[in-house]
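No value in this document is a laboratory result; all are computed from the given coordinates. Just so it is clear, the model here is predicted, and its values are computed rather than measured. Backbone-built Cβ (ideal geometry, glycine too); neighbour counts: all protein chains shown.
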Amino acid sequence: MEITMVVDGERVELTVEPRHTLADVLREQCGRTGTHVGCEHGVCGACTVLVDDEPVRSCLMFAVQADGSTVRTVEGLESDDGTLHPLQEAFVAHHGLQCGFCTPGMLMTALHLLDTHPEPDRETIRREMSGNICRCTGYMGIVDAVEEAARLR
Amino acid sequence: MKCAPFEYVRPTSVDEVLAALVAADGEGKILAGGQSLVPVMALRMARPAVIVDINRVEGLAAVERDGDTVHVGALVRHRTLAEQSAHPLLAEAARHIGHAAIRTRGTAGGSIAHADPAAELPVVAVATGATVTAAGARGDRWVAADDLFAGPLMTTLDADEMITGLDVPVPTRWGFAGFARRHGDFALVTVVVAEVRGQVRIAVGGVGAVPLRARAAEAAIGEPVERVAQLVGDELNPTGDLHGSAEFRRGVAVEMARRALASAGI
Ligand SMILES: Cc1cc2nc3c(=O)[nH]c(=O)nc-3n(C[C@H](O)[C@H](O)[C@H](O)COP(=O)(O)OP(=O)(O)OC[C@H]3O[C@@H](n4cnc5c(N)ncnc54)[C@H](O)[C@@H]3O)c2cc1C
Ligand code: FES
Ligand code: FES
């Protein structure tokens, strides 16, 4: 099936198989391997992207369903000259990642969190990020990073 | 894992959805938010031959108050339900569903149709005495929530019927209490108390195959809250699993009932 999406500001026209998820198509047909796939059934959050500005699990949405949508992935976070997004800077500064597998989903979830909760306390950050699983960090660095990014806004 | 191949159709009206389901001859499946169906397909526990995507069907996404009832279209997302103010109990229940990314996509109709015994919206539907509208080739029919849930992940709807919406009475007093081990997890036990048209109804989720009415406790309304809550526990016959033993669940149910009754002011 033919679909059109805007991915990180770039218009793409693709032919996709209906059973392929948005995560698959982003990774394999759009070259955006920044979006990670962990569990492939909605529980780990690694594949979280924004579709029309709302967070979604890209493993639970077929790419055909994103036809006509605007998709934002972790690869659209940095600015054109390569400057990292303040959230990315904060993750680096606070050791918000170790292996980095969960990081794309963490960043996209945090981005939406900061949009909807401009001054989150640590409890809110923990609650809103609880759908994203990290096997490495123990979460403290992630919460610290999101807290700082919120403060700097 | 990846889903097995399927034929994909994207109708824009209820009639077209029904025609597609009939044409699929029992091999078709409605796709709404996909937050329950896609995992099941990814695990290959379901391999529908035809996916009927209802996300672009018009007119199913509104929350509207009509007298003492709120109509919720099948495609109303959990997020919208959580943010609306026409039905505060539904808003509270929707806030307990999963995480933001799940609430972006998951729908009211899908949650009811999926009939997960631990899901929040079916418990609210039973507690309030909601009515589900099911469209089928033979026209619409209206099913009371008490008659809808047949077992875990099973309803009394036919495979070629589609939920178009639900009418949920607005309770004059209500209480919602759920216990989950972690934020966003399915609740171990959910208790909803709702006073509708002068009658107090109590429904419990997570401890049986379907949301259960606690009728003995309902009959004891007026007695001390602790006593009514104890009756809720006495009526249950929970089974234990790795998330909690039967006795633990019963204990949690009594406490959730106490909290729900107290917050309803009953
Ligand atoms: C990580 C995670 C956490 C979750 N946590 C919770 C939670 O805490 N509480 C909770 O209640 N739920 C939870 N869910 C499930 C979520 O609420 C789903 O949105 C809901 O169960 C199904 O709704 P859906 O719109 O996504 O339906 P889909 O997944 O699209 O469909 C589910 C089933 O319903 C059928 N169906 C869908 N719409 C209709 C209709 N209009 N008419 C007839 N049949 C229809 C489909 O054919 C399918 O069989 C969670 C899901 C995930 C992935
Ligand atoms: S890969 Fe999508 S939630 Fe785990
Ligand atoms: S940094 Fe390794 S999973 Fe989070």
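Per DSSP helix of 4 or more residues, -39500 (n - 2.57); summed, then divided by the residues of chain B. What does that give at 222 nm, rounded to the nearest 500? Spell out each step's value before the answer.
Details: 10 runs with 88 residues, N = 266.
Result for chain B, helices only: -9500 deg cm²/dmol.
Positive contributions from Lys and Arg (+1) and negative ones from Asp and Glu (-1), summed over other residues with Cβ under 15 Å from the Cβ of B:Thr172, come out at +2.
Over the stretch A:22-153, what is the mean sequence separation of C-alpha contacts under 8 Å (at least six apart), divided by residue count, expressed as relative contact order in percent?
Across the stretch A:22-153, relative contact order equals 27 percent.
Size of the dipole of the stretch B:9-132 about the Cα centre, Lys and Arg at +1 and Asp and Glu at -1 on the beta carbon, nothing else charged, in debye to 20?
Working: 11 positive and 13 negative charges, 107 e Å.
For the stretch B:9-132, the charge dipole is close to 520 debye.
Positive-end ranking of B:Gln199, B:Ala61, B:Gln35 along the dipole of chain B, with charges on Cβ about the Cα centre, is headed by B:Gln35.
Is the shape of the stretch B:1-89 best called rounded, prolate or oblate, per the rule: a/c under 1.5 gives rounded, else a/b larger than b/c gives prolate, else oblate, with a ≥ b ≥ c the square roots of the Cα gyration tensor eigenvalues?
Values: a/c = 3.18, a/b = 1.72, b/c = 1.85.
Because a/c hits 1.5 or more and a/b fails to exceed b/c, the stretch B:1-89 counts as oblate.
Per residue Cα convex hull volume for the stretch B:208-256, in cubic angstrom? Intermediate results must be reported in sequence, preceding the final value.
Working: hull volume 3.3 nm³, N = 49.
Here the figure is 68 Å³ per residue.
Helical runs (DSSP H, four residues minimum) scored at -39500 (n - 2.57) apiece and divided by the length of chain A put the mean residue ellipticity at 222 nm at -9500 deg cm²/dmol. Excluding the sites themselves, what is the longest stretch of chain B that contains no trypsin sites (Lys or Arg not before Pro) in a DSSP loop with at most 15 other C-beta atoms within 10 Å? Longest site-free region, per DSSP loop and neighbour criteria: B:57-137.
Could you calculate, for the stretch B:63-169, the ratio of the Cα radius of gyration to the Kirkwood radius, expressed as Rg to Rh?
On the way: Rg = 12.8 Å, Rh = 13.6 Å.
For the stretch B:63-169, the value is 0.94.
Relative to the 2.2 N^0.38 Å rule of thumb, chain B has a C-alpha radius of gyration ratio of 1.00. Would you kindly state the longest site-free stretch of chain B, with sites defined as GluC sites (Glu not before Pro) in a DSSP loop (not H, G, I, E, B) surrounded by at most 16 other Cβ atoms within 10 Å? The answer is B:59-266. Full extension of the chain between B:Asp146 and B:Ala4 gives 47.6 nm of extra length, using 0.36 nm per residue less the Cα-Cα distance.
Which percent, nearest 5, of DSSP beta bridges in the protein assembly as shown are antiparallel? Given both bridge residues lie in the protein assembly as shown, the antiparallel proportion sits at roughly 85 percent.
Mind checking the dipole of chain B: about its Cα centre, +1 per Lys or Arg Cβ, -1 per Asp or Glu Cβ, Debye to the nearest 20?
780 debye
Its Cα centre serving as origin, the stretch B:7-53 has a Cβ charge dipole (Lys and Arg +1, Asp and Glu -1) of approximately 280 debye.
For the stretch A:66-153, the set of GluC sites (Glu not before Pro) satisfying both a DSSP loop assignment and a count of at most 14 other C-beta atoms within 10 Å is given as A:Glu78. For the protein assembly as shown, the spherically averaged projection of the C-alpha convex hull amounts to 20.4 nm².
Quick one: work out the % antiparallel among DSSP beta bridges in chain B, nearest 5. Each step should come with its number before you reach the end.
Values: 40 of 48 bridges.
Antiparallel bridges: around 85 percent, rounded to the nearest 5.
Remark: the Cα gyration tensor places the stretch A:1-82 in the oblate category, a/c being 1.5 or greater and a/b not exceeding b/c. Taken along its principal axes, the alpha carbon cloud of the stretch A:86-152 reaches lengths of 28, 22, 17 Å, longest axis first.
Pairs of alpha-carbon atoms within less than 8 angstrom and 6+ residues apart define the contacts here; what relative contact order does chain B have, in percent? The partial results should precede the final answer.
Numbers: 609 pairs, mean separation 41.0, N = 266.
For chain B, the relative contact order is 15 percent.
Here the spin labels are modelled as points 7 Å beyond Cα on the Cα-Cβ line, and at B:His243 and A:Gln29 they lie 3.6 nm apart.
Over the stretch B:7-53, the reciprocal of the mean inverse Cα-Cα separation, the Kirkwood hydrodynamic radius, stands at 10.8 Å. A Förster distance of 45 Å, applied to the separation of the beta-carbon atoms of A:Arg11 and B:Asp66, puts the FRET efficiency at 0.60. Between the residues A:Gln88, B:Thr133, B:Ala260, the greatest Cα displacement towards the positive end of the dipole of the protein assembly as shown, with unit charges on the Cβ of Lys, Arg, Asp and Glu, is found for B:Ala260.
Across the stretch A:2-76, C-alpha contacts under 8 Å between residues 6 or more apart give a mean separation that, scaled by the residue count, equals a relative contact order of 41 percent. Full extension of the chain between B:Met45 and B:Thr172 yields a length gain of 41.5 nm, computed as 0.36 nm times the residue separation minus the alpha carbon distance.
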